[in-house]
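For reference, the structure is listed below as structure tokens.
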Amino acid sequence: MVFSWYSIAACLLAGLVVTLHYAQLVKSRALPLPPGPTGHWFYGVKKMLPSKEPWKAYASWSKKYNVPIISFRIYNRVVIVLNDAKSVSDLLERRANLYSDRPKQNFVGVIMKVAYGYTIDGLDDTFVNVAEETIKITDKTMANGSWLVDYYPIARYIPPFLPGGEFKRQGKQWRERLKYLSDVPHQWVKEQIASGTYTESFTSEFLTQDGAIIDHEQEDIIQWCAGGLYVGASDTTVSAVTSFILLMALYPEVQIRAQQEIDEICGQDQLPRTSQVEELDYLQAVLKEVLRFAPVGNLALPHRVIEEDIYNGYRIPKNATVIGNVWAILHDPSLYPEPDVFSPDRFINKERMQPDPRQWAFGFGRRACPGTYFAETSILLVMAGILARFKISLPTSQAPEDKGSKIPAISFTTGITSHIGLFDIRIKLRSPPSER
């Protein structure tokens with residue numbers, strides 16, 4: 001009899017749990033999705049998405065619907081875009097356990113040394129070209145709305161020679177090419193190890209660890225992890241440095257002030273050292289403003305929702321794609337007054353200190369870039385080295401006639417990493433210390 005009462009109580013409790021779960025599910029499904037454009041009945045907003053600078057379109061839709069979080073559909077996939085810092089913090093950080101599932105994504109020479117013990121040989125170096133090609137392929141594979149199979153998995157059964165099956169043909173080509181591109185530096189390290197001439201690196205450390213025999217699966221993991229290191233480094237850091245160079249040409253007063261700080265702290269007859277960049281407060285403010293004004297990634301890499309969620313009265317469906325709009329956050333006038341003005345002073349004035357953009361510039365939550373500190377130090381050293389030795393300016397024909405003249409329009413490429421549009425500048429050696 002005791003057993004029966006326990007059984008009945010357990011059944012009642014289980015029934016209550018199921019009922020409450022069902023009620024919560026029904027309630028959540030009765031809630032609306034965040035507002036946004038509806039688009040076509042079949043392919044959604046696919047044809048409404050701009051091919052260039054989509055982050056600006058998302059920010060515009062956010063203003064149109066007067067909400068920081070918007071949604072739209074591409075085929076059968078719901079996409080949620082977070083356009084303010086609060087929603088990003090609430091969902092991608094505080095609820096990271098629900099929003100951390102996604103396919104994962106920081107100056108080439110340094111990382112190449114770390115990953116492979118390899119020293120690059122000029123701009124036309126084979127390994128540099130390999131990294132650039134890999135990045136181009138990755139950008140194409142991750143473009144929103146490009147591949148039908150991403151939205152309808154059943155499309156994987158379409159033969160490659162039929163319409164809709166072109167992803168198989170393209171995928172086969174890219175898979176073979178990426179395998180080759182990953183093999184090139186990896187095999188180079190193995191040859192160096194065999195000849196006893198290798199330099200210690202990420203790859204050599206694991207391939208020679210304790211003399212253990214590495215099986216094929218372990219070697220495959222080592223190879224692709226090292227590849228991720230050097231591909232990431234060759235793009236995001238270069239993006240930040242090229243933006244910095246153009247902005248120094250556009251804002252000479254900022255350049256002069258940073259050079260004065262470098263001369264005072266590091267000396268005028270030597271290049272800045274790693275231990276000194278931490279003392280360069282103004283240069284650090286310049287880096288923060290570069291990352292805010294020209295983000296290396298205007299859109300964070302997508303997250304996938306593991307379970308259905310509710311946020312501010314809106315339903316976030318399971319398997320929805322959630323994207324943080326980094327550009328919208330870093331150009332939010334409520335956080336950064338006059339966001340279209342390049343002003344490192346916003347991070348110097350302690351009485352009106354504005355939020356540090358680095359908390360958003362390199363990703364969110366558990367999937368944030370793990371190499372952030374290393375990347376920042378590398379970029380600061382490059383910036384300090386450039387300003388210590390060179391003067392950057394616009395060509396005479398493009399230089400503003402006075403300080404109040406309009407700054408030329410700046411454009412950005414669209415991809416996993418955003419690069420500032422091509423531009424002409426003049427770079428010349430600074431005057432000798434005795435003449436400054």
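Taken together, the values in this text are just the output of simple stated rules run on the coordinates, not laboratory data. Computed from a prediction, not measured in an experiment: that's the story for all the values here. Backbone-built Cβ (ideal geometry, glycine too); neighbour counts: all protein chains shown.
A few comments on the model shown:
- Estimated FRET transfer efficiency (GLU176, LYS63; beta-carbon r; R0 41 Å; 0.05): 0.40
- Computed over the stretch 223-341, the ratio Rg/Rh where both radii use C-alpha atoms and Rh is Kirkwood: 1.10
- Applying 0.36 nm per residue to the separation of GLN359 and SER275 and subtracting their alpha-carbon distance, the gain on full extension is 27.9 nm.
- Packing rank of 323-333, 349-359, where each peptide gets the mean count of other beta carbons within 10 Å, highest leading: 323-333, 349-359
- Backbone geometry of the stretch 247-264 corresponds, through the Karplus equation with coefficients 6.51, -1.76 and 1.60 at θ = phi - 60°, to 3J(HN,Hα) couplings of 5, 5, 5, 7, 10, x, 5, 5, 4, 4, 5, 5, 5, 4, 5, 4, 4, 6 Hz, x marking Gly and Pro.
- With 27 Å as the limit, the listed pairs LYS179/LYS288; LYS86/LYS350; LYS56/LYS288 have LYS179/LYS288 beyond it between alpha carbons.
- Square roots of five times the Cα gyration tensor eigenvalues for the stretch 241-309, Å: 34, 15, 9
- Neighbour-count ranking [beta-carbon atoms within 10 angstrom, fewest first] of VAL286, VAL296: VAL296, VAL286
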